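Bear in mind these aren't lab numbers, they're just calculated from the coordinates by the rules spelled out. Keep in mind it's a predicted model, so treat the numbers as computed, not measured.
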Amino acid sequence: MFANGITFDLTKVLPGTGPICDISLGNNPGYVCTPTINGLLSPFTLQNSSAGSGGTATNAAVTFNIEALAYSGLASTGTSTYNGAFSTQSAGQNIAGILSTVATPGGTVIASYSANFNGASNTQVPEPGTLGTLGIGLAALILGGIRKKSASVR
């Protein structure tokens, strides 16, 4: 829960959006790819920066996207769908370097990240009062139909 009382519940981590990574292309400026984990696409999309000295990329961005439900107070009061993107910059290491590091047993990449969440526009949940009014209206229609049917049977 955030300080403003809004809670985000993670509902899905989306797959990466690039083609499968080819480490032989990992030094190329602007190269974009998604690594695989045991033959499955990972959630990460990697993108090299433009060329540094020597014509190879010197930095890479790593991103992954999620879907979440957000609500204030209790989820039963209504939720909104949000899409989120987490990203980090790997200074001094391009895609080839990142892939080599994580392929090494115990290899890790430590970096800070930023996140951005955007709400979807079509996710409004009706208020409980609206649902109650709808229920009363349906009950009145049903009772009216029953009364008409029983009056015509007599």
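For the reader, a short list of remarks on this structure follows.
- Per residue, the convex hull spanned by the Cα atoms of segment 6-123 measures out at 131 cubic angstrom.
- For segment 6-123, averaging the sequence separation of C-alpha pairs within contact (under 8 Å, six or more residues apart) and dividing by the residue count gives a relative contact order of 24 percent.
- Between CYS21 and THR34, THR36, the built amide H atoms are under 5 Å apart, and every one of these is 5 or more places off in sequence or on another chain.
- Largest-first principal axis extents, alpha carbons of segment 51-97, Å: 57, 14, 13
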